[in-house]
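Asker: The structure follows.
Values in this text are rule-based calculations from the coordinates and carry no lab data. Given the structure is predicted, the values throughout are model-derived calculations rather than measurements. Cβ sites come from the backbone with ideal geometry, for glycine too, and all protein chains shown count toward neighbours.
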Amino acid sequence: MPQSLENLLNRRGVTIESVAEIVHMLQHPYNADLTIEDCLESVWAVLAKREVQYVLYTGIALDELAEQGKLPQPLQGIMQADESLYGVDETMALGITNVYGMIGLTSFGYLDKVKPGIIKKLNEKGKHIHVFLDDLVAGLAAAASARIAHKDPKARHYDQP
């Protein structure tokens, strides 16, 4: 992952560790041996994908442009109000989760509903606009979680006797 993306996430209040904590929360019930280091590695692996990077760059740019009042109307008003029926943010986040299949999708839905950890902080109304970033972080955590689930060494392989 480019250092510029990590810096951008940090500037917006998101650390890789805060995402890894959510991944750990999702996967630890299914894998008691899972460490936070495993979760960090999975987040880094998802962030290494250019398509994930592009989604993050785009969503964060839109949030920042909205904060600066630089989007055309009616988009500026929609972003400032964080309209509940504006689903473009979730649609972009699904671009991250779809890399890892249905488990990524269902985990994203769960995270979007419960909003644990950094996702909740990003979703709170304040001086910053995080219409996209809260969902993109949920998508990132869901994808990293699904990646761990796909690699579960205890999973049964039905193609083997």
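Asker: Equivalent-ellipsoid semi-axes (√(5λ), Cα gyration tensor) for the range 1-72, whole Å, largest first? Please report the intermediate quantities before stating the final value.
Answerer: Numbers: eigenvalues 159, 32, 20 Å².
Semi-axes, largest first: 28, 13, 10 Å.
Asker: Moving on. Any idea what the relative contact order of the range 1-158 is, in percent, if you count C-alpha pairs under 8 Å spaced at least 6 apart? Before the final figure, lay out each step's value.
Answerer: Numbers: 176 pairs, mean separation 49.9, N = 158.
Computed over the range 1-158, the figure is 32 percent.
Asker: Compute the Cα gyration tensor for the range 68-150, then decide on rounded, prolate or oblate, letting a ≥ b ≥ c be the square roots of its eigenvalues: rounded whenever a/c is under 1.5, prolate when a/b is larger than b/c in the other cases, and oblate in all that remain.
Answerer: Prolate is the answer for the range 68-150, as a/c is 1.5 or above and a/b outweighs b/c.
Asker: Just order 17-29, 45-57, 80-92 by mean Cβ neighbour count inside 10 Å, highest at the front, would you? Before the final figure, lay out the partial values.
Answerer: On the way: 17-29: 19.8, 45-57: 17.1, 80-92: 13.3.
Top of the packing list down: 17-29, 45-57, 80-92.
Asker: I've got another one for you. Working from Cα positions, state the angle (0 to 90°, nearest 10) between the long axis of helix 50-67 and the longest principal axis of the chain.
Answerer: Roughly 30 degrees, rounded to the nearest 10.
Asker: Among the lysines, which fall within straight-line cross-link reach of Lys113, defined as a Cα-Cα distance under 25 Å, with same-chain neighbours fewer than 8 residues apart omitted?
Answerer: Straight-line reach from Lys113, under 25 Å: Lys121, Lys125, Lys127.
Asker: Quick one: dipole size for the chain, taken about the Cα centre, charges +1 on Lys/Arg Cβ and -1 on Asp/Glu Cβ, in debye to the nearest 20.
Answerer: Magnitude of the dipole: close to 40 debye.
Asker: Could I ask something else about it? So what is the relative contact order of the range 6-59, in percent, for Cα pairs below 8 Å that sit 6 or more residues apart?
Answerer: For the range 6-59, the relative contact order is 28 percent.
Asker: Also, quick follow-up: Testing the spin-label approximation: label points 7 Å from Cα along Cα→Cβ at Asn7 and Gln68. State their distance in nm.
Answerer: 1.6
Asker: Mind pulling the angle between the C-alpha long axis of helix 133-150 and the longest principal axis of the chain? Nearest 10 degrees, somewhere in 0 to 90.
Answerer: With rounding to tens, the tilt is 10 degrees.
Asker: While we're on this one: What are the lysines whose alpha-carbon lies under 18 Å from the alpha-carbon of Lys151, with same-chain residues fewer than 8 places away excluded?
Answerer: Result set, ordered by chain and number: Lys49.
Asker: Another one. Taking the convex hull of the alpha carbon atoms in the range 19-136, what volume per residue do you get, in Å³? Don't skip to the end; give the middle numbers.
Answerer: On the way: hull volume 12.2 nm³, N = 118.
So the per-residue hull volume is 103 Å³.
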